[in-house]
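The values are calculated or read from the model by the stated rules, or taken from the named source; none is laboratory data. Bear in mind the structure is a predicted one, so any value in this text is a computation, not a measurement. Every residue, glycine among them, receives a Cβ derived from its backbone with ideal geometry; neighbour counts consider all protein chains shown. Note: areas computed on protein heavy atoms with side chains; ligands, DNA, RNA excluded. Shrake-Rupley method; radii C 1.70, N 1.55, O 1.52, S 1.80 Å.
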Amino acid sequence: MHARRRTVLTAGAAGAAGLVTACGSSGDGDGDRSTAAAPEASRAAKPSTRAGAASADGSVPGGEVLGKASDIPVGGGKVFEEQEVVVTQPKEGEFKGFSAVCTHKGCIVVTVSDGTINCPCHGSRYSIADAAVVAGPAPQPLAVERITVTGGTIRLG
């Protein structure tokens with residue numbers, strides 16, 4: 001039995017949104033995330049020990065610990081993939097936090113070198129000082145993430 005065109009079009013329109021949502025990748029193998037909105041959705045679903053949230057031992061430590069300040073080189077930075085955050089130290093003792101989600105296609109940046117935060121997917125690069133786009137195709141800077149550095153410990157939130 002052949003489906004009538006009107007039936008196919010009606011069914012296609014109703015199911016298109018679900019299909020687009022379910023198909024997360026373009027399948028071109030370049031490491032893209034499905035959509036720019038996906039990183040925010042995935043971050044919201046993760047348990048958090050950011051400021052105000054209790055840690056495993058029940059204390060409220062002032063934010064999720066990312067690492068030691070001594071692990072962030074002056075003029076460089078470090079990507080914390082699990083938290084989707086990059087921390088840089090443009091000048092001695094000056095620490096900056098940015099989203100590690102590239103503003104082009106939502107890939108996670110992977111390296112910090114030669115004064116830039118680098119995305120492997122399409123070559124976007126961002127300044128370690130303010131996350132401004134240094135090389136495209138990224139359309140805008142990385143989002144700022146609030147971090148604190150106390151007693152040599154970097155915390156998110």
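With K and R counted +1 and D and E -1, the other residues having a Cβ less than 11 Å from that of Ala131 yield a net charge of 0.
Potential lengthening of the chain between Ser70 and Ala132 amounts to 19.9 nm, from the contour at 0.36 nm per residue minus the alpha-carbon distance.
Within segment 82-107, whose backbone N sits under 11 Å from a point 7 Å along Cα→Cβ of Gln140? Output list for this probe position: 103-104. Accessible surface calculations at 1.4 Å, restricted to protein heavy atoms, place segment 84-154 at 43 Å² per residue.
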